[in-house]
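In what follows, a structure is listed as structure tokens, so that the remarks can point back to it.
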Amino acid sequence: MKIIDFFQLYDIYHAPWFIGAIVFFAINLTVCTLTRFLKKWKEVSRNNIPDENTLYNMKLNFTLKKEKEDDAISIINKKFKKKVYEGEDGIIFEKGSFNRYGVFLIHMSILIILIGSLVGLIWGYKGFVVLSKGDLREYFFLRGKEAKEVPFGFALRCKDFNVSFYPNGAPKDYVTRLEIIENNKVLFEREIRVNNPLNYKGLNIYQSSYGTTPAFVFKIDHREVVLKEYDEYEIEGFIMVPVRFEKAIHNFGPGVQVAFLEDGEPKTTWFLRDIPKMKERELEGKRVILEDIREELWTGLEVTRDPGTGIVWTGFGLMLIGLYINFFVVAGRLYIKRSNDVIIVAASGIKHHEKIQIEFEKIKRSLNGTDPS
Amino acid sequence: MELIHHKILGITTIVYLFIFFAHIVYFVVKKEIFLRSAWVLIYFNFFLHTTGILFRWFESYTLKMGHAPFSNLYESLIFFSWCICFMVILMKKRFMYPLISMFSILGALFFMAYASISPGVDKSIQPLIPALQSNWLHIHVITCFISYAAFLISFISGMLYFMGFRWAVLPDKETLEEINYKSIMVGFPMLSAGILTGAVWAHYAWGSYWSWDPKETWSLITWIIYALFLHARFVRGWRGKKIAFISIMGFLSVLFTYFGVNFILSGLHSYAT
Ligand code: HEM
């Protein structure tokens with residue numbers, strides 16, 4: 001228990017050591033990524049054509065007669081659109097050069113996702129609210145170590161709740177029809193179902209569960225009253241509360257225990273629906289009859305606030321873009337070097353070397369280049 | 001109830017078996033014609049397999065529970081096999097060696113057979129429960145299973161790397177590494193997309209984009225293993241056995257994410273794929 005308390009294992013994601021570890025990881029990631037990024041930046045701005053031996057040692061190269069230079073440039077420019085260097089000694093062409101920043105985007109997106117989830121951990125919370133048809137609520141219960149009631153900042157009324165099933169008994173749809181009320185005015189009405197939450201004022205309200213609670217139909221001095229467990233009913237100084245429900249008491253059917261005040265003293269008594277003698281009692285001079293016990297549906301709604309979601313979504317998007325750039329953009333460089341008697345054409349792939357090779361072979365064929373010997 | 005798509009997929013399974021045998025015969029008698037017929041069969045079976053899946057889709061509508069066939073273990077196994085066949089065709093042009101296609105098709109055959117024979121796999125069309133009624137289901141399942149299929153190919157080339165003996169049909173080690181890396185280049189972005197779309201879906205269905213349910217946790221572990229592969233190769237410059245080993249571990253983690261989590265650990269995911 002001590003260990004659990006010390007490390008706050010009951011709530012790892014809010015524990016200082018966990019957040020500390022994530023922050024440490026994030027700093028590490030940032031530093032690594034930035035240093036690599038700067039190094040690459042320098043690499044890119046260092047644009048000079050390698051010497052002849054280096055070019056001859058590249059896997060892809062050929063030589064051309066001098067007078068073919070203009071032809072070569074126009075053909076090459078179709079595939080390698082960007083010129084990153086042009087000088088006396090030659091030209092450097094490039095394609096897909098932003099490929100090298102894909103890695104940067106991927107790592108930054110991880111960082112952004114971490115920041116977003118941290119924001120959610122610190123400023124977000126989760127709770128729930130349970131409503132039966134007709135109920136109006138302004139508060140929900142916070143989940144966590146101690147249950148706490150938190151105001152929505154508006155009110156919810158459950159207009160209707162329906163569960164439907166497939167013929168094989170599997171659930172088909174849960175739908176809660178909600179009214180959103182502010183300052184005693186109905187602002188709008190919405191249906192929420194699984195996979196279709198309501199987002200209002202930063203709160204997300206999800207359909208999450210449902211169930212039934214008993215509702216007790218009493219007739220108290222000829223007046224019909226519907227009560228649920230712990231609902232207090234008061235009339236002319238008489239107070240009663242249904243406190244306990246049993247589905248079956250021995251084999252006498254369902255019953256409910258009711259607490260009431262007799263001369264200021266709390267007392268309890270049982271009502272059994274199916275036993276005529278036990279469904280009617282005289283309490284404090286009032287005739288109380290348990291007419292029926294109904295199963296009433298309730299809907300369980302999950303309530304969350306997570307101000308970090310937008311940041312996390314941004315991170316997701318950047319990561320997908322980064323992954324695409326890093327893994328699917330064909331990138332490479334092509335060099336033209338003016339040598340004494342010939343032109344050397346050489347290329348190297350940054351990513352997808354084999355695709356660069358295919359393009360290089362095409363260029364070579366259309367120029368009738370020859371292999372240097 | 002026996003439906004048309006069960007027949008089509010039954011034939012598909014048998015054709016996978018033929019493709020496997022055609023490879024074996026090719027290795028024994030060394031005649032190109034057998035390899036070529038294996039490939040004809042692969043293309044034909046890809047068509048047949050697709051038809052089978054489309055029929056299941058169509059028949060789910062005739063049974064008034066219409067939905068894309070991505071929603072339970074049976075449907076996911078059938079789709080996984082389809083993805084394997086798809087990857088084999090996709091990688092044919094430059095990276096497909098008969099040993100790789102043989103073992104991949106063997107994998108597809110295994111998952112098809114498992115889907116149709118295992119008593120633990122319910123073959124009937126079931127209606128979609130509310131949590132699965134989402135468009136994110138499709139993109140999530142498609143990206144995940146394409147990545148799994150790519151990782152199967154990476155696993156096969158990783159295993160072949162450890163084959164000690166020299167064998168005429170065994171691609172050389174450099175090629176095996178290349179195939180391994182290329183398949184991870186497809187698998188890693190797809191797995192990432194699968195995890196991210198799963199998170200977005202979870203946000204809409206459960207109210208939280210990440211809840212450390214066992215399937216989520218294991219997919220994260222798998223993702224980290226393949227990230228380790230990429231870093232070991234590109235940052236540390238690792239090659240050879242160490243890299244092959246990581247790709248084997250990665251696929252074992254995929255298998256555990258897919259099956260182990262369903263059978264051993266229970267969580268939000270276990271009703272489905
Ligand atoms: C502390 C954590 C990490 C550090 C220090 C780190 C560092 C690096 C470095 C230095 C590179 C090489 C970049 C280059 O080629 O210039 C790299 C590449 C890469 N990293 Fe990370 N990384 C980390 C975490 C991750 C994670 C969690 C992922 C998961 C998506 C990831 C995905 C990648 C990818 C996809 C590449 C590119 C590999 C390629 O060249 O294709 N990294 N990382």
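With contributions of -39500 (n - 2.57) from each DSSP H run of at least four residues, the per-residue ellipticity at 222 nm computed over chain B stands at -25000 deg cm²/dmol. Here A:Lys68 is the anchor, and the lysines within straight C-alpha reach of less than 28 Å, apart from those fewer than 8 places off in the same chain, are A:Lys59, A:Lys78, A:Lys79, A:Lys81, A:Lys82, A:Lys83, A:Lys95, A:Lys337, A:Lys355, A:Lys362, A:Lys364. Here the Karplus curve 6.51 cos²θ - 1.76 cosθ + 1.60, taken at θ = phi - 60°, turns the phi angles of the range B:13-22 into couplings of 4, 5, 5, 4, 4, 4, 4, 4, 5, 4 Hz, with x standing for Gly and Pro. Each part reduced to its alpha carbon centroid, the range B:140-218 and the range A:85-161 end up 26 Å apart.
Taking only Cα atoms of the range B:161-230, what ratio of Rg to Rh do you get with Rh as the Kirkwood inverse-distance radius?
Working: Rg = 17.3 Å, Rh = 14.4 Å.
Rg/Rh: 1.20.
Averaging the sequence gap over all C-alpha pairs within less than 8 Å and six or more residues apart, then dividing by the number of residues, gives chain B a relative contact order of 18 percent.
Within straight-line reach of A:Lys159, meaning a Cα separation under 13 Å, sit the following aspartates and glutamates at least 8 residues removed in sequence or on another chain: A:Asp135, A:Glu179, A:Glu189, A:Glu191.
Legend: calculated FRET efficiency, A:Met58 to A:Asp173, from the Cβ-Cβ distance at R0 = 60 Å, rounded to 0.05, equals 0.45. Calculated from the alpha-carbon coordinates, chain A shows an Rg and a Dmax of 37.2, 122 Å respectively. With the cut-off at 1.5 for a/c, could you classify the range A:21-153 from its C-alpha gyration tensor as rounded, prolate or oblate? Because a/c hits 1.5 or more and a/b exceeds b/c, the range A:21-153 counts as prolate.
Rounded to the nearest whole Hz, the Karplus-based 3J(HN,Hα) values (6.51 cos²θ - 1.76 cosθ + 1.60, θ = phi - 60°) of the range A:176-187 follow the sequence 10, 9, 10, 10, 9, 10, 9, 6, 6, 10, 6, 7, with x at glycine and proline. With one equal scatterer per alpha carbon and no solvent term, the Debye-computed log10 I(q)/I(0) for chain B at 0.11, 0.16 1/Å reads -0.64, -1.27. Pairs of lysines in chain B whose Cα atoms sit within less than 17 Å of one another amount to 9, provided the residues are eight or more positions apart or on different chains. With the cut-off at under 11 Å, measuring from each backbone N in the range A:193-224 to a point 7 Å along the Cα-to-Cβ line of A:Phe154 picks out A:198-205.
Once B binds A, the 1.4 Å probe can no longer reach about 2800 Å² of accessible area, counting both sides.
Taking label points 7 Å from Cα along the Cα-to-Cβ direction, A:Arg193 and B:Arg36 give a separation of 5.5 nm.
Taken along the Cα-to-beta-carbon direction at a fixed 7 Å, the label points for A:Ala259 and A:Trp41 span 7.0 nm.
Listed by chain and number, the lysines whose C-alpha is less than 19 Å from the C-alpha of A:Lys39, apart from same-chain residues fewer than 8 away, are A:Lys351. When the Cα convex hull of the protein assembly as shown is projected onto planes of every orientation, the mean area is 41.7 nm².
Here r is the Cβ-Cβ distance between A:Asp51 and B:Lys242 and R0 is 41 Å; the resulting FRET efficiency, rounded to 0.05, is 0.75.
Expressed as an acute angle from 0 to 90° and rounded to the nearest 10, what is the orientation of the C-alpha long axis of helix A:69-79 relative to the principal long axis of chain A? The answer is roughly 10 degrees. Placing pseudo-labels 7 Å out from each Cα toward the beta carbon at A:Ile289 and A:Tyr139 gives an inter-label distance of 3.8 nm. Considering only alpha-carbon pairs that sit under 8 angstrom and 6 or more positions apart, the relative contact order computed for chain A is 24 percent. Taking all protein chains together, A:Val258, A:Val226 sort by accessible area into A:Val226, A:Val258, largest first [probe 1.4 Å]. Say R0 is 56 Å: what FRET efficiency, to the nearest 0.05, do A:Asn28 and B:Ile11 get from their beta-carbon distance? Computed FRET efficiency for A:Asn28 and B:Ile11 comes out at 0.55. For the range B:1-121, the spread of Cα coordinates along the three principal axes comes to 51, 28, 19 Å, biggest extent given first. Rounded to the nearest 500, the helix-only mean residue ellipticity at 222 nm of chain A stands at -9500 deg cm²/dmol, with each DSSP H run of n ≥ 4 adding -39,500 (n - 2.57). For the range B:131-268, which whole percent of the accessible surface, found with a 1.4 angstrom probe, sits on carbon and sulfur atoms? Carbon and sulfur atoms account for 69 percent of the accessible area of the range B:131-268. Averaged over its residues, the range B:1-121 has an accessible area of 47 Å² per residue, based on protein heavy atoms and a 1.4 Å probe. Karplus-based coupling profile of the range B:192-200, in residue order and whole Hz: 4, 4, x, 5, 5, 5, x, 5, 5, with θ = phi - 60° in 6.51 cos²θ - 1.76 cosθ + 1.60 and x standing for Gly or Pro. For the range B:131-268, the average shadow cast by the Cα convex hull is 8.9 nm², which is a quarter of the hull's surface. Note on A:Glu361 and A:Asp221: the extension gain reaches 40.5 nm, defined as 0.36 nm multiplied by sequence separation minus the Cα-Cα distance.
Just need log10 I(q)/I(0) for the range A:170-316 at q = 0.11, 0.20, 0.21 Å⁻¹, Debye formula, equal scatterers on the alpha-carbon atoms, no solvent, rounded to two decimals. So the normalised log intensities are -0.63, -1.12, -1.18. For chain A, the longest principal axis of the C-alpha atoms and the axis of helix A:102-123 are separated by about 20°. Rg/Rh for the range B:79-167 (Cα atoms only, Rh after Kirkwood) is 1.07.
The values are calculated or read from the model by the stated rules, or taken from the named source; none is laboratory data. Quick caveat: nothing in here was measured; it's all calculated off a predicted structure. Note: ideal-geometry Cβ built from the backbone for every residue, glycine included; neighbour counts use all protein chains shown. Surface accessibility is based on the protein's heavy atoms, side chains included, excluding ligands, DNA and RNA. Shrake-Rupley method; radii C 1.70, N 1.55, O 1.52, S 1.80 Å.
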